[in-house]
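Here the structure comes first, spelled out in structure tokens, and everything after it is commentary.
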Amino acid sequence: MVIATGRINLKLKTLKDLKGPKGYPFVGNIPRLDVPNIHRQFEDWSDEFGDVFRLNLGFTSQTVVTRPSIIQHIYRDRPDGFIRAKKMDSILRDGGVHGLFNAEGEEWELHRKILAKGLDVKHQKQFYPAMLKVIERLYNKWSKDAETGEPFDIQRDLLRFTVDVTASLAFGIDMNTLEQTGGAIQDHMDKVFPMIFKRINQPILLYKYFKTRDDKDFDAAVAEMNKLIDVFIQSGKDKIKANPALKANPSNVLEAILNAAEEEGDFGTKEVRGNLLTLLLAGEDTTAHTLSWMIFLLTQHSDAQEGLRTEADEILGAHSWMTAYDLQGKLRYTDATAMESMRFKPVAPGMLFQATRDVVIEEFKFVEGQKVIIQTRAGAMKEENFTEAESFNPKRWLKESRCPIHNTDASSPFGGGARFCPGRNLAMLEIKMVISMLFKNFNIEMVTDHSDIREVLAFTMMASDYKVRLSKRT
Ligand code: HEM
């Protein structure tokens, strides 16, 4: 059956009608793919071959879509019409990630119900005191850095901050990686996304037959993470045993997951571990790299820094950080700066989907099983979607200073439809806590030359290593 939606067009284009980069015999475009930079290549090819083009992978082809209206349609046609690509699911499961991000159908509904509830505003408010402890530690660390005036790796602190927040909110556990001096769980986590991304881009999954040293390191990292997750599980079980009221009324995601494992037949050990791993991974990199990109952009825009300072002074008053949860609603310019930063530097600039049935969207027909890569930034940087799209202007996200052209469909950093990111509110809360604390208390200077900082795609799009220097605001 063909589901026809949007504008009906009699001359429907299928995969074979699409233009695309010229390929070599048998291997197509594979030799030309620059994997850590593939998102940029797709953006360039979209300019050259159109906002829906064909990628030739030798024996198979995929469609790359950058047109915002089609991307939004795909988002909304889930969970039924499009799923996350089966290859990605298989790779994630081999890495022990058997959770909400890659579940489909009824399994997805069950996982979503349990996880989204634990991340909601009620739980964020309840665990805000624990998050305050984490922001205070970050403030203390940065105060010391400001005293010494030495350049330091702020990305490391941001990764530790986000893991500590996720663990306190979702698992009720104070991990305190921020104050650990040696290696921390991040050393293992750092290996997971790059390897998953590398495997997604391999035409043949060689690791299924032969393991390289990198594959073995990856397995060891996942095993270490699972050891930690087992400690979380035991602590959650102990708390429920000590307080059986938590069965009817779990206080966090971990307890909700453990209760589900007892009640729902389909929710076993794999699902418990897989979802805890999903939360750790999804909550760490995305938010930390978004903050890191904000710092990269803000250190080039002193006017935006000034706006953040003025707002932090006004809203935080005599305090050094956001002492009350509700203050976040007042940090409107900070919110706008995050939205503008994510338009320039979305940490998830692409996603891989697969059609579950024949679908017509605008003038294109996607057939059952067809793989579709969506690329969001190409549209976000076009004049047809944002006035002066190339200029960094946080105010465009404020109602009172909106620009004439402002197509929010073209910048959707958290995805869309039923599968939009359930951690969105938590991520925005963390961003506001960190950015308001930073600009309330410190001046920040980029030490690494901005032009030496590159985009590196390894599942999420992160900034290559850089150093900053802090000084205390007088
Ligand atoms: C700035 C930070 C973040 C960004 C930019 C981001 C972005 C995204 C995107 C683009 C998706 C895919 C959505 C879709 O398919 O439509 C997603 C899914 C997801 N995110 Fe986030 N995310 C962030 C933070 C978080 C946090 C803090 C958590 C939890 C602690 C989280 C948990 C998840 C989960 C579990 C999914 C899978 C949802 C599903 O498939 O139903 N994310 N995120």
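Of 147, 109, all but one fail to be away from the ligand (no atom under 11 Å from the Cβ) and at negative phi; the exception is 147. Applying the criterion of being among the charged types (D, E, K, R) and in a helix (DSSP H, G or I) to the residues of segment 156-178, the residue that is nearest to residue 424 (Cα to Cα) is 164.
Scoring residue 61 on the criteria (1) crowded, with 18+ Cβ neighbours inside 10 Å; (2) of a type in the set (Ser, Thr, Tyr); (3) at pLDDT 95 or above leaves a single failure, condition (3). If you go through segment 50-82 and pick out every residue that is in a strand (DSSP E or B) and either aliphatic (A, V, I, L, M) or within 16 Å of the ligand (Cβ to nearest atom) (or both), you end up with 5.
Here is a yes/no grid of residues against (1) surrounded by fewer than 22 Cβ atoms within 10 Å (Cβ to Cβ); (2) without any contact (Cβ under 8 Å) to a residue 24 or more places away in the chain; (3) under 17 Å from the mean Cα position of the chain (by Cα):
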site: 280; (1), (2), (3): no, no, yes
site: 310; (1), (2), (3): yes, yes, no
site: 317; (1), (2), (3): yes, yes, no
site: 339; (1), (2), (3): yes, no, yes
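Within segment 86-99, not a single residue is of a type outside the set (Val, Ile, Thr), more than 22 Å from the chain's Cα centre (by Cα) and over 30 Å from residue 469 (Cα atoms). Of the strands (runs of 3 or more DSSP E) entirely within segment 286-385, those holding at least 1 residues that are more than 16 Å from the ligand (Cβ to nearest atom) and touching a Lys or Arg at 6+ places or on another chain (Cβ under 8 Å) occupy 358-361, 364-366. Among residues of segment 154-176 that are within 11 Å of residue 283 (Cα to Cα), those with a beta-carbon under 6 Å from a residue that is within 10 Å of the ligand (Cβ to nearest atom) and among the polar types (S, T, N, Q) at least six positions away or on a different chain give the pairs 162/287.
The residue pairs whose first member lies in segment 23-41 and is farther than 17 Å from residue 352 by Cα, whose second member is among the hydroxyl-bearing types (Ser, Thr, Tyr) and surrounded by fewer than 13 Cβ atoms within 10 Å (Cβ to Cβ), and whose beta carbons are closer than 7 Å, counting only pairs six or more residues apart or on different chains, are 31/24. Taking segment 179-268 and the helices (runs of 4 or more DSSP H) fully enclosed by it, the elements with 1 or more residues that are under 20 Å from residue 459 (Cβ atoms), at pLDDT 85 or above and small (Gly, Ala, Ser) are at 213-242.
For segment 21-30, the set of residues classified as on the phi > 0 side of the Ramachandran plot and surrounded by 12 or more Cβ atoms within 10 Å (Cβ to Cβ) consists of 28 only.
Pairs meeting the criteria (first residue in segment 69-98 and more than 15 Å from residue 202 (Cβ to Cβ), second residue basic (Lys, Arg) and surrounded by 19 or more Cβ atoms within 10 Å (Cβ to Cβ), beta carbons under 8 Å, at least 6 apart or on different chains) are 75/419; 78/419; 79/419; 96/273; 98/273.
Would you confirm whether or not segment 233-254 contains a residue that is under 27 Å from the mean Cα position of the chain (by Cα) and charged (D, E, K, R)? No, every residue in segment 233-254 fails to be under 27 Å from the mean Cα position of the chain (by Cα) and charged (D, E, K, R).
Out of curiosity, is residue 467 within 30 Å of residue 121 (Cβ to Cβ), more than 15 Å from the ligand (Cβ to nearest atom), touching a residue at least 12 places away in the same chain (Cβ under 8 Å) and among the basic types (Lys, Arg)? Against the criterion (within 30 Å of residue 121 (Cβ to Cβ), more than 15 Å from the ligand (Cβ to nearest atom), touching a residue at least 12 places away in the same chain (Cβ under 8 Å) and among the basic types (Lys, Arg)), residue 467 does not qualify.
Of the residues making up segment 401-428, those that are part of a loop (DSSP other than H, G, I, E, B) and either within 6 Å of the ligand (Cβ to nearest atom) or surrounded by 19 or more Cβ atoms within 10 Å (Cβ to Cβ) (or both) are 411, 412, 413, 414, 415, 416, 420, 421, 422, 423. Flag: residue 431 does not match the condition of being within 16 Å of the ligand (Cβ to nearest atom) and either polar (S, T, N, Q) or assigned to a strand (DSSP E or B) (or both).
The values are calculated or read from the model by the stated rules, or taken from the named source; none is laboratory data. This one's a predicted model, so the numbers in the text were calculated from it and none came from an experiment. Here the Cβ is made from the backbone with ideal geometry for all residues, glycine too, and neighbour counts use every protein chain on show.
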